[in-house]
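Report on the structure given below.
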Amino acid sequence: MPPIAVDIDLAPRLRLALTRLGRRLRQQSDGDVTATMLSALSSVDRLGPLTLGELAGAERVQPPTITRVAGRLEERGLVQREVDERDRRVTRVRLTGEGRRLLARSRRRKDAYIARRLRDLAPDDVAALERALPILERLVGDDLDSAGRGWGPRLRRGGGVGAPPGRTTQ
């Protein structure tokens, strides 16, 4: 399919709006947990217990980075390492109860922030956002699994991160 013409101002305006929204949402977080830590917690919550290599792939960061992040999460009692029953050389990280509670609090706070902002909009604007949401999800590569969970690429066990079937990057 040939590329479509895009208004020259669209990309920078969209980038700026999403960057500002992301910043405002990060400001709704718990003070001592970084955005990187919350993202890793969300991946473990969404994908289940993961090896550090799988988590690095899901987060699209280098293994040394995820090792540090997982260490900080473990120090705070938010994840726990567990040895794989089939291969004792493999360890996985899984959420603890405290990690699950922290994620729930963070999500509630961020959802409440967005809900407050949405209440200030006209009904037509809210409807426009509802129509745009699937497009934004595709734009950032979000695919929902069969349980309706999303926010990120699907992880292929042992194989890293892959694009959805039939999708390519250009």
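Every number in this text was worked out from the coordinates using simple rules, so none of it is lab data. From a predicted model like this one, the values you see are computed outputs, not experimental measurements. In this analysis, Cβ positions are derived from the backbone assuming ideal geometry, glycine residues included, and neighbour counts consider all displayed protein chains.
Amide H to amide H, which residues 5 or more places from residue 34 or on other chains are under 5 Å from it, using H placed in the peptide plane?
Amide H neighbours of residue 34: none.
Work out how much length residue 121 to residue 65 would gain on full extension: take 0.36 nm times their residue separation and subtract the Cα-Cα distance, in nm to one decimal. Write out the running numbers ahead of the final one.
Working: separation 56, 0.36 × 56 = 20.16 nm, distance 3.98 nm.
Using 0.36 nm per residue and subtracting the Cα-Cα distance, I get 16.2 nm.
Out of residues 5 or more away from residue 96 or on other chains, whose amide H comes under 5 Å of its own, with H placed 1.01 Å from N in the peptide plane?
When sequence neighbours closer than 5 places are left aside, the close amide H contacts are 79, 80.
Simple spin-label model, 7 Å along Cα-to-Cβ: residue 111 to residue 84 in nm?
3.4
Using a basic spin-label model with each label point 7 Å from the Cα along Cα→Cβ, how many nm lie between residue 20 and residue 101?
3.7
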